[in-house]
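The values are calculated or read from the model by the stated rules, or taken from the named source; none is laboratory data. Note that the structure is a prediction, hence the values are computed from the model and not measured. Using ideal geometry, Cβ is built from the backbone for each residue, glycine included, and neighbour counts are taken over all protein chains shown. Ligands, DNA and RNA are stripped out before the accessible areas are found, and what is left, the full protein with its side chains, is counted by its heavy atoms. Shrake-Rupley method; radii C 1.70, N 1.55, O 1.52, S 1.80 Å.
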Number of protein chains: 2
Amino acid sequence: MINFQTSPERYKHWKLAIHGGVARLSMDVQEDETLGDGYKLKLNSYDLGVDIELADAIQRIRFEHPEVGAVVITSLKPRIFCAGANIYMLGTSSHAFKVNFCKFTNETRCAIEDDSRHAGRRYVAALNGTASGGGYELAIACDEIYLVDDGNSAVSLPEVPLLGVLPGTGGLTRLVDKRKVRRDRADVFSTLAEGLKGKRAKEWGLIDDTFPTSRFQEAIENRLHDVTQTVSFRHPNDTQAANDQGSQTDSLRYEGIKLNPLQVNSTEDSREYKYVSLKFHRDKRYADLVVRGPECWPRKSPEEIQRMGDDYWPLRAYRELDDALLHLRVNEPEIGLVCLRTEGEIVNVVSLDDELAANRDHWLVREIILHMARVLRRLDLTAKSFFAIIEPGSCFAGNLFELVLASDRSYMLNDPHENVEIMPTELSAGAFPMNNGLTRLESRFLGEPKKAFAAIAHKAPLDTEAAEAAGLITFAPDDLDWEDEIRVAIEERTSLSPDALTGMEASLRFAGPETMDTKIYGRLTAWQNWIFQRPNAVGPNGALTNYGKPTKAQFDYKRT
Amino acid sequence: MINFQTSPERYKHWKLAIHGGVARLSMDVQEDETLGDGYKLKLNSYDLGVDIELADAIQRIRFEHPEVGAVVITSLKPRIFCAGANIYMLGTSSHAFKVNFCKFTNETRCAIEDDSRHAGRRYVAALNGTASGGGYELAIACDEIYLVDDGNSAVSLPEVPLLGVLPGTGGLTRLVDKRKVRRDRADVFSTLAEGLKGKRAKEWGLIDDTFPTSRFQEAIENRLHDVTQTVSFRHPNDTQAANDQGSQTDSLRYEGIKLNPLQVNSTEDSREYKYVSLKFHRDKRYADLVVRGPECWPRKSPEEIQRMGDDYWPLRAYRELDDALLHLRVNEPEIGLVCLRTEGEIVNVVSLDDELAANRDHWLVREIILHMARVLRRLDLTAKSFFAIIEPGSCFAGNLFELVLASDRSYMLNDPHENVEIMPTELSAGAFPMNNGLTRLESRFLGEPKKAFAAIAHKAPLDTEAAEAAGLITFAPDDLDWEDEIRVAIEERTSLSPDALTGMEASLRFAGPETMDTKIYGRLTAWQNWIFQRPNAVGPNGALTNYGKPTKAQFDYKRT
């Protein structure tokens, strides 16, 4: 079983050091500390275990070290920054694992960009050696890339020429869409196994600058000094704070909070967190995922929230939800359908949302909201079907109403003798954007935008008939049909081709505009899925299979 | 060998009738008239041969019948409109053929939408019976969909539940992006093998209206009458003409031109058209594609162009180029690289472009430019590598300069003793948009938009050094290196994994914004590629393999 929980004192492959507003994330992969058997993590190559630590480090910088203004990512190995995903690990992994591995590394890269975009923290890739494949992809997730000019070190995407697959962490998309490298140069670069060194790499826009070995460290330090001094490190809504304090920001006025390990009680067919439960019905290939809403209490001030730290419901519940989703993805591949359920009082969720909205300019509350948004996007990108089941005692309101909107379908009991309600709040109007840049309400009502406004403007619970009339749910079976209808829906869904469902859901969930993120997940990932299945990559004569062997790949040259 | 040339008198599966400004396209598939062996085209199901006729009919309506204001697509079979792509044909086709088949049908659907968008012609799908799968996808490519309410007829996308694959002609994307069907309803609809009938289909936005059998024909005729009378059938630039003439348009003032069969001389290793040559180097897996530029003549008036008809260079050369591309796609799967070459005088191409630009408000010239744009988009979407080879005697100017921009790379000889030049013209500034909505210059210079402007503003030929400085070419080898460099580039390219190249090129060619078209080609097609390869679809126990057999599909339920 793969565990997504870690913390800096348990890191095997990364060193995290914080000093003077700068976080230094140094990669030093221990080649024998692998997540699976049968491969060694040479040359700072990585497997999922290495990326889990990176994802954890980025999350911790945001919550535990809000004073950090710049993050530098570098390597402790001489002459090598990072060789990318380990090929032997890929060669011995199942297709489903490979795809989930690529997805998680993409989410980690997007988390870097999310931090940069929303918190203004600047990410600097200090390539003190060659960055190839996923190593260079990690670099292009950063805001700035500096490469040592030592006559040897290069940046490269050797996947196409060496492995017969694509750079799997959005590399091609970021090349032309983020760094806006000319497409013919991107073509040349992506077919050049050895990559490009300093001068040419800079000329083509692959890196921002290059420095000889003797000046490299100094140049990086100078740049970090400039970044922390002059780059406007402030949150988007901090104009007031920035005006008041010059280059000071409100983050600097607060201490971070500690992210403690999640407590989870795991049995054969369940996983119990404090606010989240997972129950597996493996014979029927579905799981119930229950989120328990917050308790009622008087509205808290930012200082009280800060004191509660990671025990504050929105942070705790969403960290647990995140862990549950990751667990479902990699540890429960045969679970095809997740029934999302909630338990609690709508009024409590709504007061909590009001509290979040009222304090959204406070750095911690903002980070918490951004975290909730990332977890909800993780749900959008999870290759399982989601049905929201809305029954008496549920609390699909406010932030938890997003679970209904994120579901592929929702079923809401229509029983006049029971109290069954849902309630959107203001937070659904922009706090939790999807990868396509729209809110889930906007995505739902692309053809009837007034309904998205109406849902927010309503500001009161909707019973089943009102919810149906407002277009907020899919089906409203009455109490006589309820159990049968849910049972049949589950049976039907789990009988369908899991591959067709994955493709269908990925297509239907992201209507409307596209962004770099949706391109990365929807387009590149789909291409990568396809190529990873092809005999030219993974067959006995495939390039991935034959990598590092004396034998050479033999291709079927038919173009598709 | 598959032949893409046809004409109405040779149609086997469609009837095209023109009367009173309305074109009636009636599907009546002859089940034994198949392109391949081993299947029958029952229930108006289609293979590539059926779609080639449809594509031809749409093209002919535009060129031969500009007076047509509405096109109604219907069926001559009782109770069935169209059952979609023939499953047994798919089951017996190679993967590469399936993917190219889906691509061509998508291009045909996009050609319908292109006509509707640019010429204002209204497409009406009159579903006199069930439209399932590709049948419904053909309907959603139209502007309006009407379904008979006979107690039986339905619209459906049964691919996921019945076949374990996706609706392959952009069905899912058009459902949520074009018709803006709510995503949960799209989810339900796309998993419902039997689809939805009149009332519910209308309520969910899957069709525009439904009429009982007794009133169906009359309702369609009324709608067509309204369309031709009141829907503004005019070209986007026709405001003047429309104002002058009321509901009359300039198209009505012109006769169509005849599209005669292309003459092609085919040998074992070449295909010779009038202005286009294809030469195959099959042992080296590449082909040369040469386009010969126009002759010099005095500028022609629209009337003279109209008299030249399909012999006018831009129409003839681009029809030939289109045919050559389609031939390469389906008849030459092992050709992985196409070297694009031109022969002629830059000055002639430039005067021709001036002539096109000066007459672009004339209906025929506008149709010719729109056709050139479609052919260039066909090139963008062709799964082959393209290298532009720029040598003495070439004429990569104006519209032919788009071939350089559309190429994955370009090589331009740098020899001071030779006259080697290129020259962009005004036509590159918007006449030939890519599927992403940008010009090829804009796509090339996403990061340096000024260079796109500068290329247009230059208005003079650029020699090799100037072209390189302007960022318009990739490589400029000198005469000593030229032959070796081209030879090595060809050898290297054709040695790479064809699958990885297809994915890489599809990713790099479409930087920048996404549109419904890029979603359909880039995202849905990639998913479809993947799913079409999976054992759950095409393995011995797969759903596609077992369709119509007494055996049932057995899935590996692991989610990917």
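Key figures for this structure:
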item: Interchain or long-range residues, amide H under 5 Å from A:Y123's placed H; result: A:V71, A:D143, A:E144
item: Mean residue ellipticity (222 nm) of chain A, computed from DSSP H runs ≥ 4 via -39,500 (n - 2.57), nearest 500; result: -12000 deg cm²/dmol
item: Lys, Arg +1 and Asp, Glu -1 on Cβ, resulting dipole of region B:487-527 about Cα centre, debye, nearest 20; result: 60
item: Sequence-distant residues sharing a close amide H with A:A397 (under 5 Å, placed H); result: A:M423
item: Descending semi-axes in Å of region A:373-501, equivalent ellipsoid built from Cα gyration tensor; result: 23, 21, 12
item: Nitroxide proxy distance, nm - points 7 Å out along Cα→Cβ at B:Q30 and A:A429; result: 6.3
item: Positive-end residue, the protein assembly as shown charge dipole about Cα centroid, Cβ charges, pick of A:I207, A:P498, B:G134; result: A:P498
item: Kirkwood hydrodynamic radius of region B:442-560, Cα pairs, Å; result: 19.1
item: Under 25 Å from B:K258, Cα to Cα: lysines that are on another chain or at least 8 residues apart; result: B:K12, B:K15, B:K274, B:K300
item: Distance (nanometres) between label positions extended 7 Å along Cα→Cβ at B:A466 and B:D37; result: 5.9
item: For B:S410, residues with placed amide H under 5 Å, excluding near neighbours; result: B:A388, B:T474, B:F475
item: Calculated diffusion of region B:76-234, Stokes-Einstein form, Kirkwood radius summed over Cα pairs, 4 °C and 1.567 mPa s, µm²/s; result: 80
item: Cα pair count fraction exceeding 47 Å, expressed as % - the protein assembly as shown; result: 32
item: Among beta bridges that DSSP assigns inside the protein assembly as shown, antiparallel share in %, nearest 5; result: 35
item: ³J(HN,Hα) computed for each position of region B:454-464 - Karplus, 6.51 cos²θ - 1.76 cosθ + 1.60, integer Hz, glycine/proline x; result: 4, 4, 6, 6, 4, 6, 7, x, 10, 7, 4
item: Fraction of antiparallel bridges per DSSP, region B:242-379 only, in percent to nearest 5; result: 65
item: Leading residue at positive end of dipole, the protein assembly as shown (Cβ point charges), from B:S301, A:N86, A:T525; result: A:N86
item: Partner aspartates and glutamates for B:K549 [C-alpha distance under 19 Å; skip if fewer than 8 residues away on the same chain]; result: B:D37, B:E159, B:E194
item: Reach of B:K40 by Cα under 18 Å, taken over aspartates and glutamates that are not fewer than 8 positions away in the same chain; result: B:D28, B:E31, B:D32, B:D51, B:E53
item: Karplus-derived 3J(HN,Hα), 6.51/-1.76/1.60, for each residue of region B:187-199, Hz, glycine and proline x; result: 4, 5, 4, 7, 10, 9, 4, 7, x, 10, 9, x, 4
item: Label-point gap, in nm, between B:E334 and A:Q554 - each point 7 angstrom along Cα→Cβ; result: 1.4
item: Percent accessible area from carbon and sulfur atoms, the protein assembly as shown, protein chains only, probe 1.4 Å; result: 49
item: Whole-Å distance, taken between Cα centres, linking region B:279-343 and region B:68-85; result: 33
item: Whole-number D in µm²/s for region A:21-154 (Stokes-Einstein; Kirkwood sum over Cα pairs; 10 °C, 1.306 mPa s); result: 105
item: Residue (of B:G49, B:H281, B:A467) at the positive-pole extreme of chain B, dipole from beta-carbon charges; result: B:G49
item: Total charge dipole magnitude, region A:486-560, about the Cα centre, Cβ charges on Lys, Arg, Asp, Glu only, Debye to nearest 20; result: 380
item: Inverse of mean 1/r across different Cα pairs in chain B, Kirkwood, Å; result: 24.7
item: For region A:356-411, projected area of the alpha-carbon convex hull averaged over all directions, nm²; result: 4.4
item: Added length on full extension, which subtracts the Cα-Cα distance from 0.36 nm per residue, B:Q229 to B:A17; result: 74.4 nm
item: Antiparallel bridges, percent of DSSP beta bridges restricted to chain A (to nearest 5); result: 35
item: Zone of A:K279's modelled label, taken as backbone nitrogen in region A:382-400 under 15 Å from a point 7 Å along Cα→Cβ; result: A:389-394
item: Debye intensity ratio I(q)/I(0), log10, region A:1-95, q values 0.19 Å⁻¹ (C-alpha model); result: -0.89
item: J(HN,Hα) series, region A:282-289, from Karplus relation 6.51 cos²θ - 1.76 cosθ + 1.60, nearest Hz, glycine and proline x; result: 5, 5, 9, 6, 9, 10, 9, 10
item: Check: the protein assembly as shown dipole with +1 on Lys, Arg Cβ and -1 on Asp, Glu Cβ, in debye; result: 820
item: For B:E255, label point 7 Å along C-beta direction: distances to other copies, nm; result: 9.1
item: Overall dimensions of region B:435-480 by Cα: Rg and Dmax, Å; result: 12.0, 40
item: Interface area, B with A, accessible, probe 1.4 Å, both sides summed, Å² nearest 100; result: 8100
item: Pairs from A:K180/B:K459; A:K178/A:K384; B:K98/B:K178; B:K451/B:K519; A:K103/A:K558; A:K180/A:K459 whose Cα-Cα separation, in the structure shown, is over 32 Å; result: A:K180/A:K459
